[in-house]
Amino acid sequence: MTSSGTNSSGPSSGSSGPSPWAAAWELLVPAASAPARARGRTLQAALREAVRSGRLAPGTRLPASRELAADLGVSRGLVTEAYEQLTAEGYLRSDRGAGTWVGGAARAASPRARDLAPRPAGARADFVPGTPDLSLFPRAAWAAAQRGVLAELPHHALGYPDPRGLPRLRTALAALLARRRGVVADPERLVVVSGVAQAMTLLGFVLHARGVRHVGVEDPGSPEHGALYASAGIGTLPLPLDEEGLAIGPLETSGVHAVVTTPAHQFPSGIAYSARRRAELLDWARSVDGLVIEDDYDGDFRYDRAPVGALQGLDPEHVVYTGSVSKSLAPGLRLGWLLVPASFSDEVVERKRTMDLGNPVVDQALLARFVERGDYDRQLRRCQRAYRERRDALVSALEEHFPGTEVSGIAAGLHAIATLPDRYGPQNHFLERAAAAGVAVRPLAHYGAAAEGGVRLVLGYAHLSPSRIRDGVRWLAQAVRD
């Protein structure tokens, strides 16, 4: 069969039976109607996709160039060039006098890319902590900042950046952190990172190179720290808390010289380290020439008073300070900061350089502008108002539906600890009933705390509206009563 123009009705075949070639035909037809300049590239791309997807299986014989050109209504030279190009790339093979065949080098491609991003498990109400309200992201202000950055960013700034980060962003962040968190922030010792996770891994590599093989972590604490330090070849040693913070006695006898802490708002217990414990922790670091790694993950969010200043401000030579915009803007931005002692600065910067050659320039310039113009402060105030209202809604709902519940920890952050009266136990039974009702909750024991007889929950509320919080607590109460 020979078609005229681009109105081909199908591939030529020498027999009445279906040809393996027919399975790929629909991929090639658009090439015939492509603009003249793009027709050759379009035909080559269609043939590659037909081979990669498996529509043209290895060993399939392709039509002669004259036949395919006639069927598609294109020049024979176009088809010949496509055959030659794909033969050179390994998709096809050509035997002199025996035609052109699909080669065996290509393998069928996956039909689509999988999305491995964490997602809620479809719960009616999800109280799992750790996620801010992403609908609060300031899209209009961010878009305006982006337009401004793209208009003013010089061409040379798009080259490889300083591995520490753009000087403009380091200067803006240093001023912000000194003002809001009381840190000693020298822009020369501030490193822009893709979140606290990279900061921890970066420190892990530097500590490992110095011979450190174990760091202390809070117990209970973030379960991520173990995996992050393990990736750098460092083990973690859980150290207990008391009502004032990390217990000093076990720390002193542990033998570690570095410890990860969340002193402004301990995760997950919700306590703030006492002034006495902060001083004791620094005394320990000085006595062993050790390092306190301060994760200030939500230090800006305090609802009953001004936030307590960062520990780093008391001794910047023995405290590493890290934070990010994950709770204030969005975790998907992957932007954070790391302030290191002078004795660690060169090693951290060199490791950062070999790790990724620096963070994206446009994103850094955008955040710098956002901070400089006051947009970041406005965003923090907006989040504080919203999250305070949601915490109040959670406390009120617990009082109504679970009378006698104790909500512990300071009024801060994105989660609260709820200890329910004994009559709601045992905890395993409570969790089973909650899951059956479609309400997702996490027990405190999930984060390493010793299991107790009562029901102790870590309830995240920032990502839920006040009405959804009230509904979720009501559904939970109905589930455990039924």
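The values are calculated or read from the model by the stated rules, or taken from the named source; none is laboratory data. Keep in mind the model is a prediction, meaning the values are calculated, not measured. Virtual Cβ from ideal backbone geometry, glycine too; neighbours counted across all protein chains shown. What goes into the accessible areas is simple: the full protein's heavy atoms, side chains included, and nothing from ligands, DNA or RNA. Shrake-Rupley method; radii C 1.70, N 1.55, O 1.52, S 1.80 Å.
In the full protein assembly as shown, how much of His257 is accessible to a 1.4 Å probe, in Å² to the nearest 10?
100 Å²
I want to verify the translational diffusion coefficient of region 18-89 in µm²/s; compute it with Stokes-Einstein, Rh as the Kirkwood radius over Cα pairs, at 37 °C and 0.692 mPa s. Let's see the in-between values first.
Values: Rh = 12.1 Å.
After rounding, the answer is 271 µm²/s.
I want to verify the translational diffusion coefficient of region 356-455 in µm²/s; compute it with Stokes-Einstein, Rh as the Kirkwood radius over Cα pairs, at 37 °C and 0.692 mPa s.
Numbers: Rh = 16.9 Å.
So the translational diffusion coefficient is about 194 µm²/s.
May I ask you to rank His415, His156 by accessible area, largest first, using a 1.4 Å probe over the protein chains only?
On the way: His415 10, His156 155 Å².
The ordering from most to least exposed comes out as His156, His415.
For the pair Ala306/Arg41, report the inter-label distance in nm, with labels modelled 7 Å from Cα in the Cβ direction.
So the label points at Ala306 and Arg41 sit 6.0 nm apart.
Subtracting the Cα-Cα distance from 0.36 nm times the residue separation, let me have the gained length for Leu134 to Asp95 in nm, one decimal.
Working: separation 39, 0.36 × 39 = 14.04 nm, distance 5.85 nm.
The span from Leu134 to Asp95 would gain 8.2 nm if fully extended.
Sticking with the crude label model, points 7 Å out along Cα→Cβ, report the distance from Ser465 to Leu237 in nm, one decimal please.
Placing both labels 7 Å along Cα→Cβ, they lie 5.0 nm apart.
With only alpha-carbon atoms in the gyration tensor, what are the semi-axes of the equivalent ellipsoid for region 272-372, in Å, largest first?
On the way: eigenvalues 139, 89, 17 Å².
In descending order the semi-axes read 26, 21, 9 Å.
Using a 1.4 angstrom probe, figure out how much accessible area the chain has per residue, in square angstrom, rounded to the nearest whole.
Values: 22230 Å² over 482 residues.
Averaged over the residues of the chain, the accessible area is 46 Å².
Once you compute Rg and the Kirkwood Rh from C-alpha atoms, what is the Rg to Rh ratio for region 93-159?
Working: Rg = 25.2 Å, Rh = 19.2 Å.
Answer for region 93-159: 1.31.
Hey, what do the phi angles of region 173-186 turn into as Karplus ³J(HN,Hα) couplings, whole Hz, using 6.51/-1.76/1.60 and θ = phi - 60°, x for Gly and Pro?
Here the 3J(HN,Hα) series is 5, 4, 5, 4, 5, 5, 6, 8, 10, x, 7, 8, 10, 8 Hz.
Rounded to whole Hz and in sequence order, give me ³J(HN,Hα) for region 192-207 from the Karplus expression 6.51 cos²θ - 1.76 cosθ + 1.60, θ = phi - 60°, writing x for Gly and Pro.
In residue order, the calculated couplings are 7, 10, 8, x, 5, 4, 5, 4, 5, 5, 4, 5, x, 5, 5, 5 Hz.
Once you put a point 7 Å from the Cα of Arg61 and another 7 Å from the Cα of Arg124, both along the Cβ direction, what distance in nm separates them?
Computed distance between label sites Arg61 and Arg124 equals 6.5 nm.
Using the Karplus curve 6.51 cos²θ - 1.76 cosθ + 1.60 with θ = phi - 60°, work out ³J(HN,Hα) for each residue of region 250-265 in order, rounded to whole Hz, and write x for Gly and Pro.
x, 5, 5, 8, 6, x, 6, 10, 8, 9, 8, 9, 10, x, 5, 7
List, largest first, the extents of the alpha carbons of region 190-311 along their principal axes, each in whole Å.
42, 34, 25
Amide H of His214 versus every other amide H placed in the peptide plane: which residues, excluding those fewer than 5 positions away on the same chain, fall under 5 Å?
It is Gly235, by chain and number.
Taking just the alpha-carbon atoms of the chain, what radius of gyration and Dmax come out, in angstrom?
Calculated on Cα positions, Rg and Dmax stand at 30.1, 90 Å.
Hey, can you grab everything whose amide H is under 5 Å from the amide H of Leu56? Only 5+ residues off in sequence or another chain; H modelled, so Pro and N-termini drop out.
Long-range HN contacts for Leu56: Val51.
So between Asp356 and Glu406, what do we pick up on full extension, going 0.36 nm a residue minus the alpha carbon distance?
Numbers: separation 50, 0.36 × 50 = 18.00 nm, distance 4.60 nm.
Extending this stretch completely gives an extra 13.4 nm.
In the neighborhood of Arg390, defined by Cβ-to-Cβ distances under 14 Å, what is the net charge if each Lys or Arg adds +1 and each Asp or Glu adds -1? Intermediate results must be reported in sequence, preceding the final value.
Values: positive: Lys327, Arg382, Arg385, Arg388, Arg391, Arg468, Arg470; negative: Asp126, Asp133, Asp298, Glu389, Asp392, Asp471.
Here the count lands on +1.
Do me a favour and compute the ellipsoid semi-axes for region 79-198 from its Cα gyration tensor, root of five times each eigenvalue, largest one first, whole Å. Present the calculation step by step, with values, prior to reporting the outcome.
Values: eigenvalues 494, 139, 49 Å².
The equivalent ellipsoid of region 79-198 has semi-axes of 50, 26, 16 Å.
Using a 1.4 Å probe on the protein chains only, how many percent of the accessible area of the chain belongs to carbon and sulfur? Intermediate results must be reported in sequence, preceding the final value.
Numbers: 11430 of 22230 Å².
Accessible surface attributable to carbon and sulfur in the chain totals 51 percent.
Kindly express, to the nearest 10 degrees and within the range 0 to 90, the angle between helix 275-287's C-alpha long axis and the longest C-alpha principal axis of the chain.
Tilt relative to the chain: about 70 degrees.
5 Å is the cut-off here: which amide hydrogens, built 1.01 Å from N in the peptide plane, fall below it relative to Leu92, excluding neighbours closer than 5 in sequence?
For Leu92, whose amide H was placed from the backbone, the distant partners under 5 Å are Thr87, Gly103.
Relative contact order of the chain, please, whole-number percent, based on alpha carbon pairs below 8 angstrom and at least 6 residues apart. Could the numbers behind the result be given before it?
Values: 838 pairs, mean separation 79.9, N = 482.
Relative contact order here is 17 percent.
Exposed loop sites here are trypsin sites (Lys or Arg not before Pro) in DSSP loop states with at most 12 other C-beta atoms within 10 Å. What is the longest stretch of the chain lacking them? Let's see the in-between values first.
Details: sites that count: Arg96, Arg107, Arg112, Arg114, Arg210, Arg213, Arg305.
Here the longest segment lacking exposed loop sites spans 306-482.
Helix 342-356: angle to the longest alpha-carbon principal axis of the chain, degrees 0 to 90, nearest 10?
It is inclined by approximately 20 degrees.
Which whole number in µm²/s is D for region 150-202 by Stokes-Einstein, with the Kirkwood Rh taken over Cα pairs at 10 °C and 1.306 mPa s? Please list the in-between numbers first.
Details: Rh = 12.4 Å.
So the translational diffusion coefficient is about 128 µm²/s.
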